[in-house]
Amino acid sequence: MSGVFIANNESINLASKIIQNGGLVAFPTETVYGLGANVYNSKAVASIFEAKGRPRFNPLISHIAEIDFLKEYALTDQRVFALGRRFWPGPLTFVLKRIDNNPALDLACAGLKTVTVRMPNHQVALDLIKKSGVPIVAPSANKSQTISPTTAEHVFESLGSNVDMILDGGACSVGVESTIIDLTEKNVVMLRAGGVSKEELEDFLNEKVLISHGNPDMPSSPGQLLRHYAPSHPLRINATQKQDDEFFIGFGCVNECDLNLSPSGDLKEAAAHLFSFMRLADSQTKYNKIAIAPIPQIGLGRAINDRILRASYQK
Ligand code: TXA
Ligand code: MG
């Protein structure tokens, strides 16, 4: 069976059976749609990599529905639980030292000594995890290195019959992936900017959060690959004016844009629109290039700029 199902009790029950039996279910989260499998079923986890065409070295995020579950998986401390209680459920992912030696987890962790965990803020995702009775590993539900999906249709377009079931829970409210922080050392290090801003983290922790610039050829977080989240049309950033062959995505008060991420300059609204607008721009036949207006490098703007910069990178 495959196809798109409106998320309700019945379809979530069915989806949980698919997860338990080693199948793949795409499901909504507040950030982007995830392509989910039972974390303990290596074969199912392997089929995620296959369906996405994703390089094997890339570790996956486990999605959990209860904070106490962390203790079974990972070395925890007060800081981990404090952050979890403040930001979960929500778009924040922790990289933690792994304590579970279960070899079934090796593939999901890509052989690393860390596990990566978050609790999504979406009722459909939480119900699915609870009903499945296992953590669900899920990368974004798109082909590797393409634009992340923020609707069920995006998933269908990208992965189609490679998925056993797609749960449709509407458009994602945040629209960019979760922020990933490494909590394995004394300093908190941000590996990927995302739905929770550096400022929010620093306010809560009362300390500086370091930003990992990584080595793009040997990323500890492959979201750090230079070309990532990429449309097929070339993308020009910091554009202030549309050129004839360009589909122009604006922000704030710009004139003559084809679409505006947020006419009022609201970064939250812009993040929620980003991926679907990039997809729309990429599907235009009239234009073979895309241009995007400058986005301020504050708060969620950092996550947006990170995605745009990678999408614009040309080898
Ligand atoms: O918002 C999200 O995080 C979405 C939804 C579905 O939850 N998921 C998502 O997963 O974006 P994915 O696989 O597309 O991106 C996860 C990123 C990858 O770049 C991966 O390399 C990095 O997290 N990552 C995972 N485990 C890691 C680890 N142990 N150390 C460093 N980076 C890790
Ligand atoms: Mg992804």
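Tabulated results
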quantity	calculated
Solvent-accessible heavy-atom area per residue, rounded to whole Å², over the chain at 1.4 Å	43 Å²
Of all DSSP beta bridges in the chain, antiparallel share, percent nearest 5	45 percent
Inter-label distance for Ser161 and Asp245, nm, one decimal - labels placed 7 Å from Cα along Cα-to-Cβ	3.7 nm
Amide N proximity, the stretch 300-315 versus Leu259 label position 7 Å along Cα-to-Cβ, cut-off under 17 Å	304-305, 307-309, 311-312
Net length gained if the chain between Asp266 and Tyr313 were fully extended (0.36 nm per residue, minus Cα distance)	14.4 nm
Residues of the stretch 91-129 with amide N under 12 Å of the 7 Å Cα→Cβ point at Ile67	119
Restricting the stretch 1-71 to GluC sites (Glu not before Pro) in coil, as DSSP defines it, with at most 15 other Cβ within 10 Å	Glu66
Whole-angstrom gap from the stretch 233-276 to the stretch 85-162, using each part's C-alpha centre	29 Å
Hits among lysines - C-alpha to C-alpha of Lys286 under 30 Å, sequence gap 8 or more where chains match	Lys52, Lys143, Lys242, Lys268, Lys315
Three semi-axes of the equivalent ellipsoid, the chain, Cα gyration tensor, whole Å, largest first	30, 23, 17
Rounded tilt (10° steps) of 42-52 against the dominant C-alpha axis of the chain	10 degrees
At 1.306 mPa s and 10 °C, Stokes D of the stretch 235-312 from Kirkwood alpha-carbon radius, µm² per second	131 µm²/s
Efficiency of FRET between Ile211 and Glu10 - r from beta-carbon atoms, R0 41 angstrom, step 0.05	0.40
Cα centre as origin, Lys/Arg/Asp/Glu Cβ charges: the chain dipole, Debye	700 debye
Angle in degrees between helix 78-87 and the longest Cα principal axis of the chain, rounded to the nearest 10	50 degrees
Segment Lys130-Lys143, length gained on full extension (0.36 nm per residue, minus Cα span)	2.0 nm
Extension reserve of the Asn238-Glu50 stretch, reckoned as 0.36 nm per residue once the Cα distance is removed	64.1 nm
Over the chain: helical MRE at 222 nm, DSSP H runs n ≥ 4 each giving -39500 (n - 2.57), nearest 500	-8500 deg cm²/dmol
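The values are calculated or read from the model by the stated rules, or taken from the named source; none is laboratory data. The structure displayed is predicted, hence computed values, not measured ones. Here the Cβ is made from the backbone with ideal geometry for all residues, glycine too, and neighbour counts use every protein chain on show. All accessible areas refer to the heavy atoms of the entire protein, side chains included, with ligands and DNA or RNA removed. Shrake-Rupley method; radii C 1.70, N 1.55, O 1.52, S 1.80 Å.
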